[in-house]
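The structure appears right after this line, and notes come after that.
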Amino acid sequence: MTDWRERITVPRAPFIPPVVWVDDAATGGFSAVSRDDDHVRWHELVEADEPIITQVDDGRTPPGATGLRPSSSCSKPSLVADMLDALDVRLGHRVLEIGGGTGWNAAELATRVGPRGQIVSIEVDPDVAAAERQALRTGGYDVVVITADGLAGHAREAPYDRVIGTAAVRAIPRAWIDQAHPRGVIVTPWGTDYCNGTLLRLDVHDDGSASGRCGTNLAFMRVRGQRRDYLEPGDDELRGADRTTTARSIPEFFEMIAYSRAAFAIGLRVPRCYLTVEELAPDHRRIELHDVSSRSWARVDLLRRNEIFEVHQIGPRRLWEEVDAAYGWWLDSGRPAPDRFGLTVAENGDHSAWLDEPGEASWPLPVAAP
Ligand SMILES: C[S@@+](CC[C@H](N)C(=O)[O-])C[C@H]1O[C@@H](n2cnc3c(N)ncnc32)[C@H](O)[C@@H]1O
């Protein structure tokens, strides 16, 4: 495979902030690496074909403390290159980027569209946007950086030949389609509550609809405004939970939670169902399903020594049964990989997923936030 440095011309280091964050096995969270204190480690991170976490907890956690959740990053270089290939950016294009982050991707876009093109990069976090603006200015890249919620797009500079999301969405914002040229292209990480996700490439049609196929598997941080939430039932609720059993095997469970296999399809079949998996011990994984909007929840504890597993369920939805049925559907459909699925967004914003061809086996997806 070609090295990412041959696919992306803009150097990465000038866009990476002096403090970045790395997985910390000791705490289970993220700890800061400072360029001034650990020059070697910082440079290793910049050179690796890996994402670099540049902010945690929306900027609320200072260096020295433990970060809980990445909230901004510089994406994995080879994936950035794949996304730009899918976007098919040409000289002179006008491009809207949602999720400006470090500005590295925006700089590469500016290089690809040339002086007659235009890049508008929207970043929701004011501090991240200020650093992005500064890095682009210092590098001499002509990019308009807007501090705003990118789900609304940026109508003032529309229409755009290309729209690229660099944070995952569950639903395609109407504004992105409305602000794209008819016959424009939208590329974005797209996932469900259950599974995050795939690289979706949509063609925008003259009638205001858009459709396209899923591609590479990926896990991107989610846009603010489409993040997920989970339930932690109290002891009383747990005591009142329905208890059943399942004879699904451990390999079947792994297919159900591995996004390269059944999980992507399950997410498309079971809306509003957030999957969490916790490793409690080397032989004990806990799978939980959460729908905060209806206060429905399910838990299965996978213990390697068992063959029958207990299922706890709470609330009006029977989330385990929905997921189990969706897994059965995936098996019956010949175990389709994520790239056999696609999405159509109708003119009125309705989303439908399909298998193999638009309109063949299709089903509606809910788009309203829970
Ligand atoms: C994976 S990073 C983007 C990587 C970036 N393109 C780069 O080259 O460094 C995702 C970014 O999306 C931003 N973001 C999240 N929700 C957003 C929203 N609703 N509108 C605009 N930006 C958003 C985050 O603050 C974060 O900086």
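The values are calculated or read from the model by the stated rules, or taken from the named source; none is laboratory data. All values reported here derive from a predicted model rather than from experimental measurement. Glycine also receives a Cβ, built like all others from the backbone with ideal geometry; neighbour counts cover every protein chain displayed. Heavy atoms of the whole protein, side chains included, go into the accessibility calculation; ligands, DNA and RNA do not. Shrake-Rupley method; radii C 1.70, N 1.55, O 1.52, S 1.80 Å.
Within the range 120-140, the set of residues being in contact (Cβ under 8 Å) with a residue 40 or more places away in the chain, touching a Ser or Thr at 6+ places or on another chain (Cβ under 8 Å) and open to solvent by 50 Å² or more (accessible area, probe 1.4 Å) comprises Val124, Ala131. Taking each residue of the range 218-235 that is in the same structural domain as Arg170 (by TED's automatic domain parsing) and looking for partners that are hydroxyl-bearing (Ser, Thr, Tyr) and more than 7 Å from the ligand (Cβ to nearest atom) with beta-carbon atoms closer than 6 Å, six or more apart or interchain, yields nothing. Of the strands (runs of 3 or more DSSP E) lying entirely inside the range 197-312, those carrying at least 1 residues that are under 24 Å from Thr166 (Cα atoms), out of contact with any Leu (no Cβ under 7 Å at 6 or more places or on another chain) and open to solvent by less than 20 Å² (accessible area, probe 1.4 Å) are 198-204. The residue that is farthest from the ligand (Cβ to nearest atom), counting only those in the range 33-77 that are part of a helix (DSSP H, G or I) and surrounded by 16 or more Cβ atoms within 10 Å (Cβ to Cβ), is Trp42. Kindly evaluate Gly150 against the criterion of being surrounded by 16 or more Cβ atoms within 10 Å (Cβ to Cβ) and either within 10 Å of the ligand (Cβ to nearest atom) or outside the structural domain of Leu87 (by TED's automatic domain parsing) (or both). The answer is yes for Gly150. Considering the range 78-114, the residues that are more than 10 Å from the ligand (Cβ to nearest atom) and among the polar types (S, T, N, Q) include one that is nearest to His154 (Cα to Cα), namely Thr111.
If you go through the range 348-368 and keep only what is closer than 20 Å to Val169 by Cα, part of a loop (DSSP other than H, G, I, E, B) and out of contact with any helix residue (DSSP H, G or I) (no Cβ under 7 Å at 6 or more places or on another chain), you end up with Asn348, Asp350, Pro366, Val367, Ala368. Comparison of Thr138, Thr188 shows that the only residue that is within 16 Å of the ligand (Cβ to nearest atom), hydroxyl-bearing (Ser, Thr, Tyr), at pLDDT 95 or above and assigned to a helix (DSSP H, G or I) is Thr138. Pairing residues of the range 5-31 that are free of Cβ contacts under 8 Å to residues at least 60 places away in the same chain and within 17 Å of Ala48 (Cβ to Cβ) with residues that are open to solvent by less than 40 Å² (accessible area, probe 1.4 Å) and among the β-branched types (Val, Ile, Thr), at Cβ distances under 6 Å and at least 6 apart in sequence or on separate chains, gives Ala13/Val46; Val20/Val33; Val20/Ile52; Val20/Thr54; Trp21/Ile53; Trp21/Val56; Val22/Val33; Phe30/Val56.
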